[in-house]
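The values are calculated or read from the model by the stated rules, or taken from the named source; none is laboratory data. A quick note: this is a predicted structure, and the numbers were derived from the prediction, not measured. For neighbour counting, all protein chains shown are included, and Cβ atoms are generated from backbone atoms with ideal geometry for every residue, glycine included.
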Amino acid sequence: MNVFTELAQRVALYLSSLKPEVTIQPLEVQIKLTPAEFEGDYTVVVFPFAKKLGLLPDQVASDLGQALCQNWEMLGGFNVVKGFLNFSFTKVYWKAKLSEITASPHWGVKEVGSKAATVMIEYPSPNTNKPLHLGHLRNIFLGYSLSRIFEANGNRVIQVCLYNDRGTNISKSMLAYLKSENKKTPASSGIKGDKLVGDYYVQYNEMSKLAQEKLVAQGLTPEQAKQENPLDKEIAEMTVKWEAGDEAVRLLWKMMNDWFYQGVAETYNLLGLSYDKLYFESDVYNLGRETVKDGLEKGVFYQKEDGSVWIDLTDVGLDQKLVLRSNGTTVYITQDIALAYQKQKDFDFQHSIYVVGNEQDYHFKVLFEILKRLGMNCADHVYHLSYGMVELPSGKMKSREGTVVDADDLIEEVFSIAQQMANEQGKLSELASTQREQIYRQIGMGALRYFILKVDPKKKMIFNPQESIDFNGNTGPFIQYTHARICSILRQAESVGLYPDAEKNNWQDYKPVKAEISLIRKLDYFPMIVAEAAAQYSPALMANYLYEIASDYSSYYHDYSILKEPSAAGRLFRLALSASARKVIAQALYLIGIEAPERM
């Protein structure tokens, strides 16, 4: 039982005994780490109970503190500050806790049992008309990290990716290819397949802009020119032909999508991505029609005179939503409805998470309401992880104008910066070139992931690659360097026969100092962070916890000697503390998808 659970139970039991008619449950008890400026380890928030019991907060806190200290030998004292009850635990307790952490090979992580809940996480769901960019990277890092965090909470995690592989945007790249003079292919141009498809998408938008300007020059208003754009009409015709199974259109579509898949596979490989299932919009669009038919029979949808099918959601503050066009073609929401059913059928999940940017907030409100009205089993267990957009110091990115930051280019840039900075420090010069290259990539990818993940997912963020790679401050390389430093200490200890194993070495006579107790307390909090990061769908909690641990250990290392500590018991204790810090840092880095180098 962790300290939060036990303390909450003892608090609830005592408070419930004050008045027989009042019952207080452990889950109602708010417990926090005591702020550094106050004396204590854990703080109980008393105000809610004082009001419930009809007593003064300070009196309740004082009586509660005395009662628990008298009946729990692990408590060393308490103090009350304006209704907040701060408990201090004994040094015996903290040494026992360090022994527990040291002895546990997977501290803070639950096993995935046979009765584990199945959690499905869908990301990044790209369109096949352009390569991955910086915005996709935030999506990928969030989805990848959440997958590991939910698994660490004992869930069976299924990672899936939906390819939006049909529709007007894909048709735009296709039409641009048909109208191009040289009809470049990846083989003829040497351009990565997904990038070449993206180039054609940008080319189409340039062609469309010129066509509209020509119409304006002929006397049409800008709005009329937009309505009469001949290229847009060709796109509409091509999309209808695709739906009808036109052979020529389908062959071109398959060829260009294959280019995309081959190119994006290289990027996925760089990012270490693999999925349990790939879904394709082109496979489910017909299922969407069946879903619409089912909804009409149930009276959930209604049909207009032109043959289009809609749903009225105005009673819940939404609008009337089109689910099938009058020409029989489906829309995005139709595919998403069908796909939700298909995913449930394939994996029988208990919880489904969509990792999608906040520009789609309304879409998912509509989708989830439709699933509920259709009576889908999982309708109450779906969640949209809505994250803010990533911008550059220069402003927003625009795919159609070709002003996005390409994911491949950004990855190579941070690798290059990592190599340059590591070479300037000269600490890897004795390693083989292959080892150096691996560490450069670990540092570069760690910098990129951490810089993005440390920001609350709901917030918009501005990305600066040079800032992210700094070895000082709240960055991935700083945390990786702290891990590598501890590894170096442990190697030195092993070379002289010292091992940080609490079961084999006796350090129980050592009296830990305040900084050591503070660090143990932070390590003890790791299981709570693992649970909280899942509950709040926020890898940022894990990332910022990591920074706190790395910062605390770095300060501790600066102020206290590890291997030169005079007493044998002290050396063993500090080695155990260092080894536990390394273990938690490595595990937490893993949970946000970052490797933990042993040398830097």
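Which one of these is in a helix (DSSP H, G or I) and under 30 Å from the mean Cα position of the chain (by Cα): Thr43, Thr5?
Thr5
Of all the residues that make up region 295-317, how many are in a helix (DSSP H, G or I) and closer than 12 Å to Thr334 by Cα?
Kept after step one, since they are in a helix (DSSP H, G or I), are these residues of region 295-317: 295-298, 314-316.
Then keep just the ones that are closer than 12 Å to Thr334 by Cα; that gives 295.
Total satisfying the criteria: 1.
If you check every pair at least six apart or on different chains, which have Cβ atoms under 6 Å apart with a residue in region 232-249 that is among the polar types (S, T, N, Q) first and a residue that is surrounded by 15 or more Cβ atoms within 10 Å (Cβ to Cβ) second?
Partner pairs satisfying both residue conditions: Thr239/Ser171.
Just to check your reading of the model, which residue among Val197, Val249, Val264 is modelled with pLDDT of 95 or more, closer than 30 Å to Ile592 by Cβ and not aromatic (Phe, Trp, Tyr)?
Unique residue meeting the criteria: Val264.
Between a residue in region 420-441 that is under 23 Å from Leu410 (Cα atoms) and in contact (Cβ under 8 Å) with a residue 12 or more places away in the chain and any residue that is surrounded by 13 or more Cβ atoms within 10 Å (Cβ to Cβ) and of a type in the set (Ser, Thr, Tyr), which pairs come within a Cβ distance under 7 Å, given they are 6 or more apart or on different chains?
Ala422/Tyr440
Let's see how each residue does on (1) buried (at least 20 other Cβ atoms within 10 Å of the Cβ); (2) outside any loop (DSSP other than H, G, I, E, B); (3) in contact with an Asp or Glu (Cβ under 6 Å, 6 or more places away or on another chain); (4) at pLDDT 95 or above:
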{"position": "Ala67", "(1), (2), (3), (4)": "no, yes, no, yes"}
{"position": "Ala116", "(1), (2), (3), (4)": "no, no, no, yes"}
{"position": "Met120", "(1), (2), (3), (4)": "yes, yes, no, yes"}
{"position": "Tyr144", "(1), (2), (3), (4)": "yes, yes, no, yes"}
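Restricting the search to region 453-475, which residues are in a helix (DSSP H, G or I), modelled with pLDDT under 95 and in contact with a helix residue (DSSP H, G or I) (Cβ under 6 Å, 6 or more places away or on another chain)?
Hits for region 453-475 are Pro465, Ser468.
Of the numbered conditions (1) assigned to a helix (DSSP H, G or I); (2) of a type outside the set (Gly, Ala, Ser); (3) modelled with pLDDT of 95 or more, Tyr537 satisfies every one except a single condition; which is it?
Here Tyr537 meets the rest and fails (1).
Which residue is surrounded by the most Cβ atoms within 10 Å (Cβ to Cβ), if the candidates are limited to region 250-278 and must be free of Cβ contacts under 8 Å to residues at least 60 places away in the same chain and not aromatic (Phe, Trp, Tyr)? If you could, list the steps in order and put the result at the bottom.
First, pick out the residues of region 250-278 that are free of Cβ contacts under 8 Å to residues at least 60 places away in the same chain: 250-251, 254-255, 265, 268-269.
Then keep just the ones that are not aromatic (Phe, Trp, Tyr); that gives 250-251, 254-255, 265, 269.
On the way: Arg250: 14, Leu251: 10, Lys254: 12, Met255: 12, Ala265: 12, Asn269: 10.
Applying the filter and picking the extreme gives Arg250.
Return the pair list, or none, for Cβ contacts closer than 6 Å from residues in region 299-312 that are surrounded by 13 or more Cβ atoms within 10 Å (Cβ to Cβ) to residues that are in a loop (DSSP other than H, G, I, E, B), at least 6 apart or on different chains.
From residues that are surrounded by 13 or more Cβ atoms within 10 Å (Cβ to Cβ), the pairs are Ser308/Arg325; Ser308/Ser326; Val309/Phe301; Ile311/Phe301.
For region 154-198, how many residues meet the condition of being without any contact (Cβ under 8 Å) to a residue 24 or more places away in the chain and either of a type in the set (Lys, Arg) or in a helix (DSSP H, G or I) (or both)?
Residues flagged as without any contact (Cβ under 8 Å) to a residue 24 or more places away in the chain and either of a type in the set (Lys, Arg) or in a helix (DSSP H, G or I) (or both) within region 154-198 amount to 5.
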